[in-house]
Amino acid sequence: MAIPSPARLHQPLTCRRPAARSSLQSADRSTAACRWQGRLLPVAAAPLRLRAVRAAAAARQPFDNGSGVIEAEGEEEDDEHPRLKIAIVGFGNFGQFLARTLVRQGHTVLAHSRSDHSAAAADLGASFYADPHDLCECQPDVVLLATSILSTEAVLRSLPVHRFRRNTLFADVLSVKEFPRKQFLSHLPEDFDIICTHPMFGPESARDGWAGLPFVFDRVRVGDCPARRARAEAFLGVFAREGCRMVEMPCAEHDAHAAETQLVAHTVGRMLATLGLRPTPIDTKGYETLLRLVDNTCSDSFDLYNGLFMYNKNSTELLHRLEAALDTVKRRLFHNLHDVLRKQLFEGSPPLNRDGPPSPDSSSTAESLSNDRP
């Protein structure tokens with residue numbers, strides 16, 4: 001009796017998949033060697049979506065169900081977008097927010113977190129793995145890091161990355177980009193693909209959908225192979241399909257812009273929260289906007305704000321500029337006040353609480369009164 005391989009013995013039942021179809025392997029078209037899955041992959045001239053699906057299907061492993069590509073029941077693969085197996089590491093509020101859309105699009109979602117979110121994962125249609133080794137054995141196409149900025153390095157070190165396929169795609173959704181880019185390049189094997197992303201929205205701002213909202217991404221490292229390029233495009237297609245405004249931008253440029261947008265908004269929002277502002281019966285539209293800013297920024301954890309400051313090299317300069325701007329406005333106000341006081345003291349101008357101009361004979365009346373005194 002044949003003895004199963006160790007990999008098969010330790011593989012979770014939910015991750016075991018049937019063998020790939022042989023028809024795709026025997027198709028009569030030109031092929032090229034690809035390091036993703038170590039197989040021959042089709043590169044015939046065909047529409048991009050068709051090539052992406054075929055490349056992913058040809059890369060299937062026996063336990064992998066097409067490396068995460070799943071057919072809708074009763075539908076042909078070529079008529080649908082590629083389906084991926086995506087592992088979300090950090091299944092908190094934002095991870096669950098992303099999972100809803102991923103599941104709705106038909107992707108297989110695996111979840112891992114230090115806290116037990118198994119109930120939330122089940123409600124969303126995802127599979128939760130408390131042990132990262134079990135997650136690795138499911139061989140996801142994409143590992144999506146959705147942790148806090150402050151815990152990124154520790155979480156990345158805790159993952160047994162050597163147990164993923166040697167060219168797994170790693171991505172992140174952190175609010176800073178240079179920091180995770182450096183962490184990925186430092187801790188991941190050279191064969192791993194890397195895409196750094198930042199959805200410029202969250203559960204509150206995108207409650208009505210993602211259409212028109214900016215999604216920033218940087219293809220840091222994607223292997224020169226049809227299947228790996230197709231996998232990267234399929235992952236980015238998750239956000240393009242929802243109508244996001246796709247913005248390709250280097251990580252360093254993103255951080256420079258983010259310091260002037262996110263950090264300013266979070267700083268001003270938390271300053272206003274410290275003032276204890278409350279709605280009043282005579283609120284203006286501008287004041288209502290400020291109250292919404294307080295709600296939006298303070299609904300995020302202070303760890304997020306702290307991470308925006310600590311892991312963006314532009315943040316310190318930006319805070320100094322913000323403080324200098326406040327000083328400039330204050331100096332202008334006090335300068336105007338000083339001018340008014342000088343006029344009162346040295347030019348005989350009326351005091352600020354005087355309602356009307358002095359009467360023409362006020363000075364002569366005062367003089368006559370003084371002359372009548374004994």
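The values are calculated or read from the model by the stated rules, or taken from the named source; none is laboratory data. What you see is a predicted model, and the numbers here were worked out from it, not measured in a lab. Because the Cβ atoms are built from the backbone with ideal geometry, glycine has one as well, and the counts that use them run over all protein chains shown. We work out accessible area using only protein heavy atoms, side chains counted, and drop any ligands, DNA or RNA first. Shrake-Rupley method; radii C 1.70, N 1.55, O 1.52, S 1.80 Å.
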For this session: Straight distance only, please: which lysines reach the Cα of LYS313 with their own Cα at less than 24 Å, same-chain residues fewer than 8 apart left out?
Result: LYS177, LYS182
Exercise. Given a 1.4 Å probe and every protein chain left where it sits, what share in percent of the accessible area of the stretch 196-346 is carbon and sulfur?
Worked result: 58
For this session: DSSP loop (so not H, G, I, E, B), at most 16 other Cβ within 10 Å: list which GluC sites (Glu not before Pro) in the stretch 199-242 pass both filters.
Result: GLU204
Seminar exercise, completed: Shape call for the stretch 275-346, from the Cα gyration tensor axes a ≥ b ≥ c (a/c under 1.5 means rounded, otherwise prolate when a/b beats b/c, else oblate), comes out oblate
Seminar exercise, completed: Sorted largest first, the Cα spans of the stretch 222-343 on the principal axes come out in Å as 78, 35, 25
Problem set entry | Per residue, in Å², the accessible surface of the stretch 110-193 once ligands and nucleic acids are set aside, probe 1.4 Å | 38
Exercise. Debye sum, Cα scatterers, the stretch 106-222, no solvent: what log₁₀ I/I(0) at q = 0.15, 0.19, 0.20 1/Å?
Worked result: -0.73, -1.17, -1.28
For this session: Name the residues whose placed amide hydrogens come within less than 5 Å of the amide hydrogen of CYS196, ignoring near sequence neighbours (fewer than 5 apart) on the same chain.
Result: ASP218, VAL220
Exercise. To the nearest 20 debye, what is the magnitude of the charge dipole of the stretch 248-355 about its Cα centre, counting +1 on the Cβ of each Lys and Arg and -1 on the Cβ of each Asp and Glu?
Worked result: 620
